[in-house]
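As structure tokens, the structure follows; a few thoughts come after it.
The values are calculated or read from the model by the stated rules, or taken from the named source; none is laboratory data. Treat the numbers as computed from the prediction; the structure is a model and nothing was measured. Using ideal geometry, Cβ is built from the backbone for each residue, glycine included, and neighbour counts are taken over all protein chains shown.
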Amino acid sequence: MSLLTVDDLSVTFSRRGRRPTHAVDGVSFSVDAGQVVGLVGESGCGKSVTSLALMGLLKRAEISGSATFDGIELLSLRASDMRDLRGSQLAMIFQDPLSSLNPVVPIGVQVTEILTRHRGLKGAPARKEAADLLDRVGIPDPTRRLKEYPHQLSGGMRQRALIAMAVACAPRLLIADEPTTALDVTIQAQILELLRELVDDQGTALLMITHDLGVVAGLCDDINVLYGGKVVEAASRRPLFASPTHPYSVGLLGSIPRLDAPRGEPLTPIRGSVNDNIAWTDGCAFAPRCDHYTLACLEGTPDLTETYTGHKYRCVNPVTHHEAPVTLPESPAAEA
Amino acid sequence: MSTKTDKIDRLAELTAATSDDQKGAGIWREAFRGLRRSPLALTGAVIIAVFVVMAVIGPFVAPYDPVATTWGDEVSQSQNHFVGMRAENWLGLDQLGRDEFSRMLIGARQSLMVGVIATLLGFAVGAALGGISGACQGLGRKLGRTIDTVIMRFIDMMLALPSLLLAVSIAALLGRSLTTLMIAVGVVQIPIFARLFRGSMIAQSHSDYVLAARALGVRRSRIVFAHIVPNSLGPVIVQATLSLATAIIEAAALSFLGLGNPDMSQPEWGAMLAKGQTFISVAPQLALYPAVAIIITALGFTLLGEAMREALDPKLRK
Amino acid sequence: MLRFIVRRLLQLIPTLIGLSILLFVWLHNLPGGPEAALLGDRTTPERRKQIRALLHLDDPIWVQYGRFVKNMLKGDFGTSVQSNRPVIDEFATRFPATIELGITAMLIAVIVGIPLGYLAARRRGGFLDSSVVTSSLLGICIPVFFLAYILKEIFSVQLGWFPSIGQLSPGLETTKVTGFAVLDGLLTGDLTVTSDALAHLVLPGIALASIPLAVIVRMTRASVLEVLGEDYVRTAESKGLKESTIRARHVLRNAMLPVITSIGLLTGSLLSGAVLTETVFDFNGIGSFLARAIDARDYSVLMGFILFIATMYVLINLLVDISYSIIDPRVRVR
């Protein structure tokens, strides 16, 4: 049984005087212990909202469906029980390390407060453990850092500190929401490597949320591609990159600039933007931007088709693999 | 060929349906929409409307002459004999036998005048000072920055005094009259508007579109008047509304301290309140009527001003 | 840090100089000229000539100004027309009472205001929130002197729960060590004085507190609302911390920063309010003294008062700035 099973999760936001937004629309996936699963998509596709819903951090939203963590149904958990789980069994790393840290509290306190809350450590033993954690995530001179404030650290170190806080209690599931987007490329690689190490050492399950396929290629075992709040393709890493089936995934892969492409070759973006969607009820939300679009795409929501290899796609006119051969893009963390 | 156009048409239909949601996203239109829905804003607007109507038509609608002590013999202060509500005087009589209802109606006009003129004074002078200051700081060279510093020091000096004391000093200088009230209260508002304008100008002058305009060679004065000023208007209008409320209350406080119009026969809510308070044990209504009027009017402007501020604040629109 | 303080103090000087010049000009332009100002309205031409000679009012204006400044620095602000005592003495006797009243009002405003503002923000859109917002707006709109009158009429005259006049009941004024009645009671061991003083502080304190309370509630609410939307609060929530920890360490510590600034600015309105409140309650502080001075055209007092208040106000704001830089680590350094 998987550690985390998400089944038909839907999140709807209603604002006064506007049509309700279906940020997440019937999303299902699962994550096993020691596995890295990716949620991929452009901004606005619902990936962050999914993670916040899982952590119980969404306010004023209607959530339906099921999310089982180790047999416990997260969505119907009492607030106080959820609070006990957060930080200890489930942890999250956020996108912007500067705004995600309290500017007026020293880093050390922001780490020890988790240790105090979930592991009962206080005073000197807590500080020692905090310094060890900072050391483990690769922050030099950790004992001095404990007294420093977030604005005194560099971007990469802040993210490492956040990771230290997330893994302080050895959580079984770690959710990372675009952890490298706000960082320089070289730091990105280091952070990803750090995450991989932690996963391998502790057997943590990692749910990786990102729009960057390079990150995904190097790190994830299974990948779910989201569009307009729905899963449009789900596959393991190699099949996804070898034979992407949904036109959106094909577009994503095709739009990555390649160092080995011939000079002068134009970049191929996906035309339009996320705002050019139509509602899923009217047809495939991606249709307005799709090169493969046919009239059949406008007859209601396409179903999720599953091949015998477990490769899923939501498309009535998918790309067959000989049309778009793609080799696995190079990525610094792809050593495995 | 036809299938292709069919596809395109169908798609166009559907995309048009979704983009309807995003129409009219200008900041003012959205703010107005938000305001129409807010009960506080509506209450405030209604109150203000009533007040303005009262002030405008008051003199034509008042049943009696507010200054004439028509029923003077019916009222006796020494014997604590006062006249309350009755058929011919809807709000009764004041301490000298004048019709209270008429006085309240005409008083609305005086109070509105004081509030509006004082705020206009503060706005105009404050805008000039702050605008010049801000424009010089943001767009000018060394001389501009010096001008800014000098003006701001001057404003700081005005801010060094609590508002009531500033108003009192000015009133002491000018002698007792209604005009004094207006000027004194107005001067107190000047630094607030000056700071606001200056801050807004400076913030705007650092924004990208101004940079673009300068790069294109647009003349500085044109940038200021055609671009920066319209964009600074939002918080200024909010402040003007709130200042009106403060002006009315401060005018009342100055009357209380004896600095208003010495001609006590002219009805003005602040003066009526100040005088009425002396009779609070025996005829509380004489203080209550003007007090409630002042409070509700100030509240009306404050409600609207606060609602506008929330509507225009990008951070709160989540 | 020290350099910061010194720099700010130096910036004070031009402001104060400018203010003194303005005041000097003001004094010389009052109706009746400075002689009338210094002597009062009822005076004879001979006395006026005497004063002109005595005070060298025919000297060139900059000489007069120089003398004015010299006197000020010596602490000589002139003599009160009403009492013929030096203005400085009149202040010294009355100032502690006003401070006591001001502290009471501020305490009420902070102790009631901050928790209310926090709760309103936490339960945004709820009934508590709407009522808190409306009543805080109301608090700003009710003239302080009117509120004072109502409180006095209802709770003192009609119900008799609290005394309505002065700082202490007649007969208890004998113990005057510092002028702070509450403190004096404690210092002399006479607790009836302390409790009496406290009883006298309740109604005027509440009246005076109305505006600061309203402002603090609104500022706290706005600030907490803004902080609640910040990412680091979300991080704290994701750590599974207890509500009380998040509130204390993450929300309040950040939300209080702008509130503390406004507390400094509010002392100004406290002074204005004190003038009005003390008059209503016949409280013998500098507020009511100033009101009487206005009435009596006692310009020496007015001028001295204004200069003094301005200096104090500016110093308080400096203190607020300094404390801000202590509390917010980002502002520190250099």
Test: residue in region C:207-222 that is within 14 Å of chain A (Cβ to nearest Cβ), within 30 Å of C:Tyr118 (Cα to Cα) and over 19 Å from the mean Cα position of the chain (by Cα): no
Residues that are among the small types (Gly, Ala, Ser), modelled with pLDDT of 90 or more, surrounded by 14 or more Cβ atoms within 10 Å (Cβ to Cβ) and out of contact with any Gly (no Cβ under 6 Å at 6 or more places or on another chain), drawn from region A:123-151: A:Ala126, A:Ala131
Check on B:Ala135, outside any strand (DSSP E or B), of a type in the set (A, V, I, L, M, F, W, C) and closer than 30 Å to B:Val61 by Cα: no
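Could you run through region C:223-232 and say how many residues are at the interface with chain A (Cβ under 8 Å from one of its Cβ atoms) and buried (at least 18 other Cβ atoms within 10 Å of the Cβ)?
Step one: list which residues in region C:223-232 are at the interface with chain A (Cβ under 8 Å from one of its Cβ atoms), which gives C:230-232.
Among the residues that remain, those that are also buried (at least 18 other Cβ atoms within 10 Å of the Cβ) are: C:230, C:232.
Within region C:223-232, residues that are at the interface with chain A (Cβ under 8 Å from one of its Cβ atoms) and buried (at least 18 other Cβ atoms within 10 Å of the Cβ) number 2.
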Those helices (runs of 4 or more DSSP H) lying entirely in region B:150-264 with at least 2 residues in contact with a Lys or Arg (Cβ under 9 Å, 6 or more places away or on another chain): B:208-215, B:229-256
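Do you know which residues across region B:148-192 are among the charged types (D, E, K, R) and either within 17 Å of C:Leu265 (Cβ to Cβ) or within 12 Å of another protein chain (Cβ to nearest Cβ) (or both)?
Restricting attention to region B:148-192, the residues satisfying the condition of being among the charged types (D, E, K, R) are B:148, B:153, B:156, B:176.
Correct list: B:Arg153, B:Asp156, B:Arg176.
Considering every residue within region C:297-309, establish whether at least one is more than 26 Å from C:Arg249 (Cα to Cα), modelled with pLDDT of 75 or more and of a type in the set (Lys, Arg). Spell out how you get there, then give the answer.
Step one: list which residues in region C:297-309 are more than 26 Å from C:Arg249 (Cα to Cα), which gives C:297-309.
From the residues that got through so far, the ones that are modelled with pLDDT of 75 or more too are C:301-309.
Applying the additional criterion that residues be of a type in the set (Lys, Arg) yields none.
Among the residues of region C:297-309, not one is more than 26 Å from C:Arg249 (Cα to Cα), modelled with pLDDT of 75 or more and of a type in the set (Lys, Arg), which makes the answer no.
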Count - residues of region B:297-315 that are within 8 Å of chain C (Cβ to nearest Cβ) and in contact (Cβ under 8 Å) with a residue 60 or more places away in the chain: 4
Any hit, region C:206-219, residues being more than 30 Å from C:Phe162 (Cα to Cα), of a type outside the set (Asp, Glu) and buried (at least 23 other Cβ atoms within 10 Å of the Cβ): yes
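Looking at region A:35-49, which of its residues are within 17 Å of A:Val215 (Cβ to Cβ) and away from every other protein chain (no Cβ under 13 Å)? Working first, answer last.
So the first thing to find is which residues in region A:35-49 are within 17 Å of A:Val215 (Cβ to Cβ), and the list is A:35-43, A:45, A:47-48.
Result: A:Gln35, A:Val36, A:Val37, A:Gly38, A:Leu39, A:Val40, A:Gly41, A:Glu42, A:Ser43, A:Cys45, A:Lys47.
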In region A:1-34, the residues that are of a type in the set (Ser, Thr, Tyr), part of a loop (DSSP other than H, G, I, E, B) and within 14 Å of another protein chain (Cβ to nearest Cβ): A:Ser14
Single residue of region C:233-253 satisfying the filter (assigned to a helix (DSSP H, G or I) and hydrophobic (A, V, I, L, M, F, W, C)) that is surrounded by the fewest Cβ atoms within 10 Å (Cβ to Cβ): C:Ala248
One residue from C:Thr279, C:Thr261 being among the β-branched types (Val, Ile, Thr) and away from every other protein chain (no Cβ under 11 Å): C:Thr261
In region A:34-53, the residues that are surrounded by fewer than 19 Cβ atoms within 10 Å (Cβ to Cβ) and more than 26 Å from A:Val250 (Cβ to Cβ): A:Gly34
Options B:Leu288, B:Leu257; residue that is at pLDDT 85 or above, among the hydrophobic types (A, V, I, L, M, F, W, C) and either within 21 Å of B:Val114 (Cα to Cα) or in contact with a Pro (Cβ under 8 Å, 6 or more places away or on another chain) (or both): B:Leu288
For C:Met256: the one exception among (1) more than 29 Å from the chain's Cα centre (by Cα); (2) assigned to a helix (DSSP H, G or I): (1)
Count of residues meeting criterion [assigned to a loop (DSSP other than H, G, I, E, B) and touching a residue at least 40 places away in the same chain (Cβ under 8 Å)] in region C:144-162: 1
Search result, residues across region B:203-215 that are over 15 Å from B:Ala226 (Cα atoms) and either surrounded by 14 or more Cβ atoms within 10 Å (Cβ to Cβ) or in contact (Cβ under 8 Å) with a residue 24 or more places away in the chain (or both): B:Ala203, B:His206
Search result, residues across region A:183-222 that are in contact with a Lys or Arg (Cβ under 9 Å, 6 or more places away or on another chain) and either part of a strand (DSSP E or B) or of a type in the set (Gly, Ala, Ser) (or both): A:Gly203, A:Ala205, A:Leu206, A:Ile209, A:Thr210, A:Ala217, A:Gly218, A:Asp222
Selected residue (only one of B:Ala247, B:Ala253 is crowded, with 18+ Cβ neighbours inside 10 Å and more than 10 Å from every other protein chain (Cβ to nearest Cβ)): B:Ala247
Search result, residues across region A:54-102 that are more than 10 Å from chain C (Cβ to nearest Cβ), surrounded by 16 or more Cβ atoms within 10 Å (Cβ to Cβ) and out of contact with any Ser or Thr (no Cβ under 9 Å at 6 or more places or on another chain): A:Leu54, A:Leu58, A:Asp70, A:Leu77
Number of positions in region B:171-190 that are without any contact (Cβ under 8 Å) to a residue 40 or more places away in the chain and under 14 Å from B:Leu121 (Cα atoms): 1
When residues of region B:265-278 are limited to those that are assigned to a loop (DSSP other than H, G, I, E, B) and surrounded by 23 or more Cβ atoms within 10 Å (Cβ to Cβ), the one farthest from the other protein chains (Cβ to nearest Cβ): B:Pro267
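Which residue out of A:Thr268, A:Thr245 is of a type in the set (Val, Ile, Thr), assigned to a loop (DSSP other than H, G, I, E, B), in contact with a Phe, Trp or Tyr (Cβ under 8 Å, 6 or more places away or on another chain) and away from chain B (no Cβ under 14 Å)? Walk me through it before giving the result.
On the way: A:Thr268 fails: in contact with a Phe, Trp or Tyr (Cβ under 8 Å, 6 or more places away or on another chain).
Exactly one of A:Thr268, A:Thr245 is of a type in the set (Val, Ile, Thr), assigned to a loop (DSSP other than H, G, I, E, B), in contact with a Phe, Trp or Tyr (Cβ under 8 Å, 6 or more places away or on another chain) and away from chain B (no Cβ under 14 Å), namely A:Thr245.
What number of residues in region B:116-174 are under 29 Å from B:Ile249 (Cα atoms) and either in contact with a His (Cβ under 8 Å, 6 or more places away or on another chain) or charged (D, E, K, R) (or both)? Walk me through how you get there before you give the answer.
So in region B:116-174, the residues under 29 Å from B:Ile249 (Cα atoms) come out as B:116-131, B:151-174.
So of that shortlist, the ones also either in contact with a His (Cβ under 8 Å, 6 or more places away or on another chain) or charged (D, E, K, R) (or both) come out as B:153, B:156.
The qualifying residues number 2.
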Residue ID - surrounded by the most Cβ atoms within 10 Å (Cβ to Cβ), chosen from residues in region C:109-143 that are within 14 Å of chain B (Cβ to nearest Cβ) and assigned to a loop (DSSP other than H, G, I, E, B): C:Pro143
Set C:Leu265, C:Leu257, C:Leu241, C:Leu225: member being touching a Lys or Arg at 6+ places or on another chain (Cβ under 9 Å) and modelled with pLDDT under 90: C:Leu225
Top-ranked residue in region C:223-247 [being without any contact (Cβ under 8 Å) to a residue 40 or more places away in the chain and of a type in the set (Val, Ile, Thr); ranked as farthest from C:Tyr118 (Cα to Cα)]: C:Thr235
